[in-house]
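See structure below.
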Amino acid sequence: MLIQRPDPIRPSEITSESVFVKRRALLKAALAAGLLPGTMARAQPVTTSTLGDLAAANGRLENVSPWADNPSLATTPYEYVTEYNNYYEFGTGKGDPARYAHTLVTEPWSVEVEGEAENTGTFTLEDILRPHALEERIYRFRCVEAWSMVVPWVGFPLGDLLKRFAPTSRAKYVQFFTLNDSEQMPGVRSRVLQWPYREGLTIEEAMHPLTLLTVGLYGRVLPNQNGAPLRLIVPWKYGFKSIKSIVRIRFMEDQPRTSWNMAASREYGFYSNVNPDVPHPRWSQASERPLGAGLFASRQPTLLFNGYAEEVADLYTGLDLVRNF
Ligand code: MTE
């Protein structure tokens, strides 16, 4: 699979999702013809105030440079991405997060960094974001419940942030935690999962250039229901690994516990790489239903590592992917 990193486009070209697909097609054509306009601006690092001001105004993010592993991927309609969600802290219904997540307070926001790293402590969202230029990345996203979508996320490689904390040689894993506040999150009063929601990656997975720390989608600030202000996107793993509203990052020597594995260890392993050959104990993972494609649209075959095998298969050399599901 080809990874393209074209020049950034001008903020003025970041327009509404309705013209998004058209813009993408134009960009693709321009790239193919080697005709990128010379006026395109360089991506600028973002600041919290940029995020905050934009969210207060119209939610648009500026200075985002485009990136696509496959520019021909058709993106899922915005309404599906933002109204059909899993965010159990706001309820287990797919419509609950969009309905109830307005109570989440995302500013001010800070992230605690702890464990096996030299630079630990509490960092404001501004500390976290300041040095990083935002990119737009169109990724396939596959939920363990066998639906899928294609989303233009906005963020930057998680590894670029993690390096700033100088992990020690004992840091073999990274664990992430979501906010746990029953005042803001009515769903945490239920015992459907153990709170706070937590996830983990090996340090190699966390440092992989495809792993994205995300602040937006469709050129806009992340809506609360999608995990504002800061979430992970790990495109070759089932969607539940992509933890939302992160408040704590812990570098660890031992493999961390994860919420879904704690809830049902036979069903949800630590790795949770998308794999059509390893069924969930209660359903097949061989195919998927693309969200927004219509009730009668045919299912699509699911691809190993969600189609990112070329980029990530090396991470698992010698590992039995059936036992390590
Ligand atoms: N993160 C938290 N904190 N709580 C959750 O319930 N659900 C996960 C993941 N991250 C979840 C979470 C699951 S099961 C999926 S499929 C994705 O978020 C859904 O992301 P989306 O709502 O942006 O599509």
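The values are calculated or read from the model by the stated rules, or taken from the named source; none is laboratory data. Just so we're clear, the structure is a prediction, and the values are computed from it rather than from any experiment. Please note: Cβ atoms are built from the backbone with ideal geometry, for glycine as well, and neighbour counts cover all protein chains shown. The protein model used for the area step is the full one, side chains on, heavy atoms only, and it has no ligands, DNA or RNA in it. Shrake-Rupley method; radii C 1.70, N 1.55, O 1.52, S 1.80 Å.
Condition check ((1) in contact (Cβ under 8 Å) with a residue 12 or more places away in the chain; (2) open to solvent by 20 Å² or more (accessible area, probe 1.4 Å)) across all residues:
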| position | (1), (2) |
| --- | --- |
| Lys237 | yes, no |
| Ile246 | yes, no |
| Arg257 | yes, yes |
| Gly269 | yes, no |
| Pro276 | yes, yes |
| Pro279 | no, yes |
| Ser287 | yes, yes |
| Phe296 | no, yes |
| Asp314 | no, yes |
Response to the item:
Filtering segment 298-312 for residues that are more than 18 Å from Gly269 (Cα to Cα), of a type in the set (S, T, N, Q) and crowded, with 17+ Cβ neighbours inside 10 Å leaves a count of 1
Discussion item. Given the options Arg130, Arg170, Arg189, Arg198, name the one that is modelled with pLDDT under 95 and either more than 24 Å from Gly91 (Cβ to Cβ) or of a type in the set (Lys, Arg) (or both).
Written reply: Arg130
Worksheet item: Applying the selection to segment 154-186, what residues are within 16 Å of the ligand (Cβ to nearest atom), open to solvent by 10 Å² or more (accessible area, probe 1.4 Å) and of a type in the set (Gly, Ala, Ser)?
Response: Ser182
Fill in: Which numbered condition Leu232 fails, given (1) within 13 Å of the chain's Cα centre (by Cα); (2) at pLDDT below 95
(2)
Item to complete: Give just the number: which of (1) within 14 Å of the ligand (Cβ to nearest atom); (2) more than 24 Å from Val111 (Cβ to Cβ); (3) aliphatic (A, V, I, L, M) does Leu230 not satisfy?
Response: (2)
Item to complete: Being in a helix (DSSP H, G or I) and touching an Asp or Glu at 6+ places or on another chain (Cβ under 9 Å) narrows it down to one of Val188, Val154, Val174, Val144, so name that one.
Response: Val188
